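Report on one structure; see the data block that follows.
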Amino acid sequence: MTTPQITQEAIADVPLLMYVLHERLGYDEILDQISPPHGNWQGLSPGKTMVIWLAHLLSEHNHMMSPVQDWVGQLPELWSGLWGEAVRPLDVSDDRLAEIVRRLSLPEVWEPLEQQVTQRMVRVYQLPSERVRLDTTTAKVYGGDELSVLFQRGHSKDHRPDLRQLKVMLAALDPLGVLVAADVISGNSADDGLYVPMIARLRSTLPSRGMLYIGDCKMGALATRAYVAQTQNSYLMPLAQVGELPEQLEKWVDDAVRGKVRLQAVWDVKGKTHLGEGYERRRRLTAETETGTVTWDERVLIVRSTAFAEAAVRSLHQRLAQAQAALRALTPPRGRGRHQFTEPAALQAAVDAILNRYAVNGLLTVKLQRETESRTVRAYGTEPERIEERHRYIVQVKENRARLRTLEPRLGWRVYATNAPARQLPLDQAVLTYRDEWLVERNCARLKGRTLSLAPLWVRREDHALGLTRLLTLAARVLALVEYQVRRSLAQDDRTLPGLYPGQATRTTAQPTTERLLRAFKTVSLTLVKKGSQVFYLLTPLSDLQRTILHDLTCPSNLYQRWFPKFWKPLRI
């Protein structure tokens with residue numbers, strides 16, 4: 001009598017990820033077309049190897065190479081069924097994965113790969129592609145030396161200036177937050193010089209004209225604005241408080257405060273919350289570029305954010321309170337061990353240092369008062385009785401109320417610049433558009449967070465670091481796409497999704513994250529019973545939540561069974 005063999009595979013979210021990576025985005029097909037394997041390559045192609053690594057990365061939240069081989073070895077039937085060929089653990093060995101990141105580090109591979117991936121992504125998911133948001137982030141690296149090109153020390157957004165780092169430039173569709181371009185540069189590169197090369201690359205992938213590029217104040221360099229205007233595109237960014245702008249802003253704010261201009265209210269998307277107010281001016285700009293002189297019209301938006309102003313006022317009063325406490329602490333009551341100022345010059349210098357430290361010059365009225373203490377000294381020996389006087393200076397401080405009443409309405413103002421026509425991007429829409437800055441920053445957080453774990457990077461070879469970072473940006477696209485598609489489906493049907501929060505069965509959400517959506521499939525497993533030549537299977541029944549997610553992602557309803565061989569039979573219990 002033949003003893004049945006029973007095996008179990010925790011297939012979890014792998015079929016869903018493979019549907020997105022392989023069937024919808026075609027990552028493997030694109031890589032194999034651009035960088036086909038050489039004649040001695042055996043087993044899975046580089047594209048299929050990369051897709052398996054991405055599936056492991058997204059499912060296990062681990063981009064390290066070493067665990068992939070064991071993970072694949074635990075799912076032999078799943079991978080054979082998905083690819084239609086046997087998959088050996090050696091097909092995803094460290095050497096194979098290292099070859100993948102080496103290929104991705106090559107510009108002749110990465111640039112066409114990224115271009116085709118983006119174009120297919122926009123086409124398949126019908127993504128609006130009129131606005132792109134750009135931003136940079138850094139990733140600390142435990143490695144590198146003085147000969148490193150990519151690993152350099154620079155301004156660290158991880159607050160680790162002692163470590164070397166690399167810098168990543170990201171471009172995402174707005175307001176979707178879906179990455180469309182990414183590049184890796186040395187960690188000491190200045191941000192303002194990275195925007196023009198990125199926009200030039202995007203023009204070969206997305207429409208070359210009529211785009212709106214959005215960035216932070218580091219995108220506000222005149223050369224960047226001139227390039228965008230010259231290529232018949234538009235820009236939107238806040239301007240940095242450098243050069244002549246602080247003086248100009250002071251005059252513009254003065255005009256607003258004195259009522260010389262008419263302010264336009266800015267409301268949220270629903271029209272219920274007052275976000276601020278502002279007005280705009282127009283000016284003519286001219287810049288010299290490599291191709292000649294460029295002249296264009298720019299709209300300058302002078303905007304006061306209600307939240308920003310309230311925060312600035314709170315910060316001001318906090319600094320005032322701290323400054324007053326520090327000033328009064330200069331002259332404590334007389335007592336043992338308490339320093340006293342006997343010369344006004346020394347005390348005035350200490351007062352000035354505190355006013356400068358808390359940036360409250362002119363907001364506090366400080367007076368130095370001389371205080372004299374007299375005491376009688378009795379006669380002693382030949383010394384007659386006498387009166388002894390001790391002098392000290394004390395601080396008297398109070399707020400300059402009139403100056404504060406004048407200053408507070410001038411807080412919270414910011415200047416934005418755009419060359420987009422007012423009919424295309426009105427002032428209130430410009431403010432609302434820039435307020436979505438968190439969307440691209442969320443990509444940065446995902447890259448460096450637990451999901452993708454770019455930082456810290458434990459890689460010593462720079463080509464491996466370059467290729468691995470690019471691989472992680474491909475994974476970040478999947479996270480954003482799945483999230484976008486499910487949220488769009490929920491919004492179209494005016495639905496919410498329950499069951500994503502453990503221990504909170506009744507809690508629902510209309511904005512689920514991809515991480516939670518994938519976690520909902522962790523309980524799915526496949527049990528196989530092999531008896532002679534017969535194979536019986538038992539698949540964990542999909543829950544209502546899991547079926548709803550598959551529907552929202554437009555996945556086939558039989559996604560988890562369609563790869564089964566025809567000779568498998570369901571196990572009857």
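The values are calculated or read from the model by the stated rules, or taken from the named source; none is laboratory data. Note that the structure is predicted; figures quoted are calculated from it, not measured. Ideal geometry is used to build each Cβ from the backbone, glycine not excepted, and the neighbour counts take in all protein chains shown. Note: accessible area is taken over every heavy atom of the protein model, side chains too, but ligands, DNA and RNA are not part of it. Shrake-Rupley method; radii C 1.70, N 1.55, O 1.52, S 1.80 Å.
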Can you give me the number of residues within the stretch 143-153 that are in contact with a Ser or Thr (Cβ under 7 Å, 6 or more places away or on another chain) and assigned to a loop (DSSP other than H, G, I, E, B)? 2
Among the residues that make up the stretch 335-346, is at least one of them open to solvent by less than 50 Å² (accessible area, probe 1.4 Å) and either under 27 Å from residue 316 (Cα atoms) or at pLDDT 90 or above (or both)? no
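Go through 271, 276, 259 for me and flag whichever is assigned to a strand (DSSP E or B), at positive phi and open to solvent by less than 60 Å² (accessible area, probe 1.4 Å). Before the answer, list the steps.
On the way: 271 fails: assigned to a strand (DSSP E or B); 259 fails: assigned to a strand (DSSP E or B).
Within the list 271, 276, 259, the selection yields 276.
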Show the residue pairs that are 6+ apart or on different chains and have beta-carbon atoms under 8 Å apart, the first residue being within the stretch 159-170 and closer than 10 Å to residue 457 by Cβ and touching a residue at least 40 places away in the same chain (Cβ under 8 Å), the second being of a type in the set (Gly, Ala, Ser) and assigned to a strand (DSSP E or B). 166/139; 166/186
In the stretch 316-334, how many residues are open to solvent by less than 50 Å² (accessible area, probe 1.4 Å) and outside any loop (DSSP other than H, G, I, E, B)? 6
Name, by its number, the condition in (1) assigned to a loop (DSSP other than H, G, I, E, B); (2) farther than 16 Å from residue 55 by Cα; (3) touching a residue at least 60 places away in the same chain (Cβ under 8 Å) that does not hold for residue 506. (3)
Check off (1) of a type in the set (A, V, I, L, M, F, W, C); (2) farther than 30 Å from residue 256 by Cα; (3) at pLDDT 85 or above; (4) out of contact with any strand residue (DSSP E or B) (no Cβ under 6 Å at 6 or more places or on another chain) for residue 404 and give me the number that stays unchecked. (2)
Applying the selection to the stretch 320-348, what residues are more than 47 Å from the chain's Cα centre (by Cα) and touching a residue at least 60 places away in the same chain (Cβ under 8 Å)? 331
When the stretch 543-557 is checked residue by residue, the ones that are in contact with a Ser or Thr (Cβ under 9 Å, 6 or more places away or on another chain) and either part of a loop (DSSP other than H, G, I, E, B) or of a type in the set (Phe, Trp, Tyr) (or both) are 543, 553, 554
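Taking the stretch 194-210, which residues are in contact with a Ser or Thr (Cβ under 9 Å, 6 or more places away or on another chain), not in a loop (DSSP other than H, G, I, E, B) and not hydrophobic (A, V, I, L, M, F, W, C)?
Selection gives 195 alone.
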Assuming residue 182 fulfils every condition listed in (1) open to solvent by 20 Å² or more (accessible area, probe 1.4 Å); (2) touching a Ser or Thr at 6+ places or on another chain (Cβ under 7 Å); (3) of a type in the set (A, V, I, L, M) apart from one, which condition is it? (1)
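Tell me whether the stretch 513-524 contains one or more residues that are in contact with a strand residue (DSSP E or B) (Cβ under 8 Å, 6 or more places away or on another chain), of a type in the set (A, V, I, L, M) and in a helix (DSSP H, G or I).
no
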Looking at 21, 31, 78, which one is farther than 27 Å from residue 558 by Cα and assigned to a helix (DSSP H, G or I)? 31
